[in-house]
Amino acid sequence: MESTRDIKGRIKSVTNIQQITKAMKMVAAARLRKAEEKAAGARPYADKVGELLRRASANVTGFDSPLLRAGEVKKVGYLVISADKGLAGAYNSNVMKKIVAEISDKDRDSYKLYLCGKQSHNYLKFRGIQEDSYHFGFSDKPQAQDALELAKEMIDEFISGEVDEVYVIYTKFFTALRQQVTMTRLLPIVADAGDTASQDAADNGVQAEPEEFIFLPDANTVLTRLLPEYVQVQIYSSMLQSAASELGSRMAAMTAATDNATERIADLNLTYNKARQAQITNEISEIVGGANALE
Amino acid sequence: MADTLTSPMHVEIMSPDGAVYTADGVEMVVARAIDGEFAVMKGHLPLVAALTIAPVRVKKDGKEKQIAVFNGFLEINDDRVNIVSPQVEMAEDIDVARAQAAKKRAEERLASKSADIDTDRAQLALNRALLRLRVTKSL
């Protein structure tokens with residue numbers, strides 16, 4: 001049986017851990033609210049840019065941009081968005097699982113990895129995989145500027161022919177307890193559901209709705225400027241979603257850790273009391289035994 | 001007729017971080033596309049314009065409000081004006097001293113004409129600083 005002093009020491013250390021996890025939980029909860037708002041705030045913007053893109057492309061025929069060109073895919077680029085810090089439950093390992101599933105059966109020279117977040121870098125280094133570019137320092141507070149730089153890098157890589165496709169792997173945020181690792185194609189720019197619908201309509205010679213738009217200066221210029229913006233907005237919203245997911249996961253993980261610590265402290269207290277009682281009983285029986293021996 | 005021209009439009013300006021400015025009852029919006037300035041009023045045909053680094057002037061109740069818009073797009077459809085721009089700054093939020101400093105820095109860079117200067121970048125920085133200053137003057 002452990003001595004009462006040892007148990008007391010353990011109670012103290014668990015209490016300390018609990019204080020830390022509790023603080024982390026509250027920090028994550030406070031920041032999660034902001035991150036959620038930000039992620040929601042970016043959505044109308046992203047929708048609008050998507051809508052403009054559809055509208056502009058429906059009004060232009062024969063438009064060609066390097067960003068739309070889809071050819072034979074020899075090399076795939078993955079933009080991986082993970083966290084800088086751990087202690088966020090399964091958040092990082094889920095992202096890692098996804099990327100490992102993607103690349104495990106591929107040759108190293110048939111894909112490129114662009115990593116965001118220290119965790120993905122550390123993990124892949126551990127597995128002996130060297131990334132092609134690595135960014136960190138903004139995982140839980142992404143700024144539009146970070147997205148702008150990433151978008152530039154991805155577009156350059158794509159246009160220069162370094163990669164033939166670019167996917168972004170991020171964690172979609174639903175609630176603090178439900179997130180989903182998602183992979184979507186960034187480049188070449190995908191005609192999404194709405195786009196294909198209007199495309200079909202145009203092919204069949206039916207106009208979905210009379211959309212007579214004037215373009216300033218002209219539709220080609222508008223479209224040329226919209227495409228990079230669209231890429232950037234997609235990256236930015238994936239980053240915001242990931243940030244909210246990271247904070248959500250951390251909050252959930254820290255809540256669980258705090259609850260576990262509470263339970264652990266209760267258990268240890270019980271053990272402590274038992275040990276103390278045993279000690280007292282022991283002492284009494286020694287005294288009684290001693291007294292009996294004297295008679 | 002005058003009625004249709006002066007009755008109001010709805011204006012919404014969005015940046016990636018959410019709506020920056022919304023207003024009802026707007027009479028006219030003046031903005032600058034890549035190839036020149038234009039104005040929209042009620043009853044305008046649907047339009048999409050690629051904007052440049054320039055102030056957007058929103059006229060409401062006879063008063064004019066200037067908003068700094070750094071590139072982006074303007075769309076008008078059914079008397080609703082939507083402006084989406086990667087960067088939008090309200091005149092109230094602009095740090096004049098910082099803009100002044102940025103302007104000076106950019107001008108020095110442009111004047112120095114040395115080979116290791118990215119002229120395009122300096123020019124853009126100058127444009128941004130000038131826009132900020134111009135918009136703050138309208139306050």
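The values are calculated or read from the model by the stated rules, or taken from the named source; none is laboratory data. Since this is a predicted model, take the numbers as computed values, not measurements. Positions of Cβ are backbone-derived with ideal geometry, glycine not excepted, and every protein chain shown enters the neighbour counts. Keep in mind that these areas ignore ligands, DNA and RNA; they rest on the heavy atoms of the full protein, side chains included. Shrake-Rupley method; radii C 1.70, N 1.55, O 1.52, S 1.80 Å.
Just to be sure before I move on: is B:Leu47 within 14 Å of chain A (Cβ to nearest Cβ), under 13 Å from the mean Cα position of the chain (by Cα) and either of a type in the set (A, V, I, L, M, F, W, C) or open to solvent by less than 40 Å² (accessible area, probe 1.4 Å) (or both) in the structure I sent?
no
Which of the residues belonging to the range A:74-120 are part of a loop (DSSP other than H, G, I, E, B), more than 25 Å from A:Lys25 (Cβ to Cβ) and without any contact (Cβ under 8 Å) to a residue 60 or more places away in the chain?
If the condition is that a residue be part of a loop (DSSP other than H, G, I, E, B), more than 25 Å from A:Lys25 (Cβ to Cβ) and without any contact (Cβ under 8 Å) to a residue 60 or more places away in the chain, then A:Ser104, A:Asp105, A:Lys106, A:Asp107 are the ones that fit.
Starting from the range A:136-155, keep only residues that are touching a residue at least 12 places away in the same chain (Cβ under 8 Å) and open to solvent by 60 Å² or more (accessible area, probe 1.4 Å), then list their pairs with residues that are among the small types (Gly, Ala, Ser) and assigned to a loop (DSSP other than H, G, I, E, B) whose Cβ atoms are within a distance under 7 Å, requiring at least 6 positions of separation or different chains.
Listed by first residue and then by second, the contacts come to A:Phe136/A:Gly117.
Does the range A:27-35 contain at least one residue that is within 14 Å of chain B (Cβ to nearest Cβ), at negative phi, in contact (Cβ under 8 Å) with a residue 12 or more places away in the chain and not aromatic (Phe, Trp, Tyr)?
Yes.
Does the range A:85-103 contain any residue that is over 26 Å from the mean Cα position of the chain (by Cα), away from every other protein chain (no Cβ under 14 Å) and acidic (Asp, Glu)?
no
Just to be sure I understand the filter: pairs with C-beta atoms under 7 Å, separated by 6 or more residues or on different chains, first member in the range A:272-295 and within 18 Å of A:Thr4 (Cα to Cα), second member of a type in the set (S, T, N, Q). Which pairs pass?
Every condition considered, the pairs that remain are A:Tyr272/A:Thr4; A:Ala275/A:Thr4; A:Arg276/A:Thr4; A:Gln279/A:Thr4.
If you scan the range A:265-295, which residues turn out to be β-branched (Val, Ile, Thr) and either farther than 22 Å from A:Gly9 by Cα or surrounded by fewer than 12 Cβ atoms within 10 Å (Cβ to Cβ) (or both)?
If the condition is that a residue be β-branched (Val, Ile, Thr) and either farther than 22 Å from A:Gly9 by Cα or surrounded by fewer than 12 Cβ atoms within 10 Å (Cβ to Cβ) (or both), then A:Ile280, A:Thr281, A:Ile284, A:Ile287, A:Val288 are the ones that fit.
Does B:Ile83 satisfy the condition of being crowded, with 21+ Cβ neighbours inside 10 Å, more than 14 Å from chain A (Cβ to nearest Cβ) and not small (Gly, Ala, Ser)?
no
Considering (1) among the polar types (S, T, N, Q); (2) surrounded by fewer than 22 Cβ atoms within 10 Å (Cβ to Cβ); (3) at pLDDT 90 or above, say which one A:Thr184 fails and leave the rest.
(3)
Could we say that B:Ile13 is of a type in the set (Val, Ile, Thr), open to solvent by 40 Å² or more (accessible area, probe 1.4 Å) and out of contact with any Gly (no Cβ under 6 Å at 6 or more places or on another chain) here?
Spelling it out, it is not the case that B:Ile13 is of a type in the set (Val, Ile, Thr), open to solvent by 40 Å² or more (accessible area, probe 1.4 Å) and out of contact with any Gly (no Cβ under 6 Å at 6 or more places or on another chain).
Report yes if A:Ser249 is touching a residue at least 12 places away in the same chain (Cβ under 8 Å), hydroxyl-bearing (Ser, Thr, Tyr), within 17 Å of A:Arg185 (Cα to Cα) and out of contact with any His (no Cβ under 9 Å at 6 or more places or on another chain), otherwise no.
Judged against the criteria, A:Ser249 is not a match.
With the structure loaded, tell me whether A:Val190 is within 10 Å of chain B (Cβ to nearest Cβ), under 15 Å from A:Leu52 (Cα atoms) and at pLDDT below 90 or whether it fails that test.
The answer is no for A:Val190.
Might you check whether a residue that is under 21 Å from A:Arg225 (Cα atoms) and not in a strand (DSSP E or B) occurs anywhere in the range B:47-70?
no
Is it the case that A:Thr196 is hydroxyl-bearing (Ser, Thr, Tyr), over 23 Å from B:Ser15 (Cβ atoms), under 30 Å from the mean Cα position of the chain (by Cα) and at pLDDT 95 or above?
Here the answer is no, as A:Thr196 does not meet what is asked.
Is there a residue being in a helix (DSSP H, G or I), more than 14 Å from chain B (Cβ to nearest Cβ) and either open to solvent by 60 Å² or more (accessible area, probe 1.4 Å) or touching a strand residue (DSSP E or B) at 6+ places or on another chain (Cβ under 8 Å) (or both) anywhere in the range A:36-55?
no
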